[in-house]
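Written below as structure tokens is the structure these notes are about.
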Amino acid sequence: MEFEHIPVLLDEVIEGLNIKPDGIYVDGTLGGAGHSYEIAKRLSDKGRLIGIDQDEDAIKAASERLKEFGNRVTIIRDNYSNMPAVLKELGIERVDGVLLDIGVSSYQLDNPERGFTYREDAPLDMRMDKRSSFSAKELVNEYSREDLIRVLRDYGEERNAARIADSIIRTRADHPIETTGELAKIVEGSIPAKFRYNGGHPAKQTFQAIRIEVNGELTVLEESIDAIIDLLTGSGRLCIITFHSLEDRIVKSRFKGNVDRCICPPQFPVCTCGRKPKGRLITSKPIVPSDEEIDRNRRAKSSKLRIFERIRNDEGDISDV
């Protein structure tokens, strides 16, 4: 099937990046290049866009869509967590803007072969990077009861995590769980009837939790933000779109940590840490999609955009802790 991903909050992202025609920008989650196409359109021949994605199918689709921009665009297959190393390899020290669109693409969800969906029966997979040896199949069949509960509770906020974990363990003791359809039925049968269809498909939260664990999504996000901020020029901006409260909480916390000044204990009479803020928040509250956008694209409903801007200190240098 064709790799198609409708860009969420597109106008808000383009405005938030404050694009300079001769600037250098990074789309760390390239996907189908919906956002990247609009960024590249606004660049001159002196500007540059670096597109990064770990999904082979995304790389192929984006390369085709962006080929009209020629050398203005460079596409790299990698995880955005390796952005500092990617840019160093390209001889780039600082960039004027970075976009991260966190989560799974419509193509990945809608293509049964990728094993992300609970709506069709297909091999359990959920890997965003097919080069990884660890998939949903390994997780479901090898994780301990305690780890299954942890994943379902922490990443899916699933109230029936223990019931589902127990059902998984009973089933796999008889035979390996190999398909999305079988896992969805196990989850559905584990949830009490009165809760089974509250808030959509009963397997939705379980599949979300397993996907996040398989791809290390929250860990990668939390460990990458500070390093990406360090790549920004003075006035450079980082735009992050999230689709889950856990993701948004991480972004909010890491942005705040780079805005705060003194981190000395409150009982200290004077500051001894010498900390300076690295930037400022362009969005004190997240930007959310309009009703019109949600009508056009239901998957935009839970999206939130937060924007951070790097600042220079009083000496004109980029602020560092």
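Couple of notes before you dig in:
- Subset of region 61-85 [part of a helix (DSSP H, G or I), within 24 Å of ILE229 (Cβ to Cβ) and open to solvent by less than 40 Å² (accessible area, probe 1.4 Å)]: TYR80, MET83
- Filter result for ILE50 (aliphatic (A, V, I, L, M) and closer than 23 Å to GLY234 by Cα): yes
- Test: residue in region 222-230 that is among the β-branched types (Val, Ile, Thr) and either surrounded by fewer than 18 Cβ atoms within 10 Å (Cβ to Cβ) or out of contact with any helix residue (DSSP H, G or I) (no Cβ under 7 Å at 6 or more places or on another chain) (or both): no
- Within region 231-251, considering residues that are surrounded by 15 or more Cβ atoms within 10 Å (Cβ to Cβ) and of a type in the set (D, E, K, R), the one farthest from the chain's Cα centre (by Cα): ARG237
- A single entry from LEU221, LEU152 fulfils the requirement of being modelled with pLDDT of 95 or more, part of a helix (DSSP H, G or I), among the hydrophobic types (A, V, I, L, M, F, W, C) and within 16 Å of GLU138 (Cα to Cα): LEU152.
- Residue match in region 252-268 (condition: in a helix (DSSP H, G or I), open to solvent by 70 Å² or more (accessible area, probe 1.4 Å) and on the phi < 0 side of the Ramachandran plot): yes
- Count of region 115-149 residues which are touching a residue at least 24 places away in the same chain (Cβ under 8 Å), open to solvent by less than 10 Å² (accessible area, probe 1.4 Å) and in a helix (DSSP H, G or I): 3
- Criterion applied to ILE177, ILE164, ILE168, ILE186 was being outside any helix (DSSP H, G or I) and buried (at least 17 other Cβ atoms within 10 Å of the Cβ), and the one residue passing it is ILE177.
- For region 1-42, the candidate set comprises residues that are of a type in the set (Val, Ile, Thr) and closer than 30 Å to ASN111 by Cα; within that set, the residue that is modelled with the lowest pLDDT is ILE6.
- Out of ILE294, ILE287, ILE282, one residue alone is closer than 21 Å to VAL95 by Cβ, of a type in the set (A, V, I, L, M, F, W, C) and surrounded by 13 or more Cβ atoms within 10 Å (Cβ to Cβ). It is ILE282.
- Residues of region 3-25 that are over 29 Å from GLU113 (Cβ atoms) and open to solvent by less than 60 Å² (accessible area, probe 1.4 Å): GLU12, VAL13, ILE14, GLY16, LEU17, ILE19, GLY23, ILE24, TYR25.
- Checking each residue in region 273-316 for being more than 15 Å from ARG261 (Cβ to Cβ), assigned to a loop (DSSP other than H, G, I, E, B) and in contact with a helix residue (DSSP H, G or I) (Cβ under 6 Å, 6 or more places away or on another chain) picks out PRO289, LYS301.
- The residue pairs whose first member lies in region 46-71 and is within 20 Å of GLU89 (Cα to Cα), whose second member is of a type in the set (Phe, Trp, Tyr) and open to solvent by 20 Å² or more (accessible area, probe 1.4 Å), and whose beta carbons are closer than 7 Å, counting only pairs six or more residues apart or on different chains, are ILE52/TYR80.
- Members of region 189-198 found to be assigned to a loop (DSSP other than H, G, I, E, B) and either at pLDDT 95 or above or surrounded by 17 or more Cβ atoms within 10 Å (Cβ to Cβ) (or both), listed by number: ILE191
The values are calculated or read from the model by the stated rules, or taken from the named source; none is laboratory data. This is a predicted model, so every value here is computed, not measured. Cβ: placed from backbone, ideal geometry, glycine included. Neighbour counts: every protein chain shown. Just so you know, the surface numbers come from the protein's heavy atoms only, side chains and all, with ligands and any DNA or RNA stripped out. Shrake-Rupley method; radii C 1.70, N 1.55, O 1.52, S 1.80 Å.
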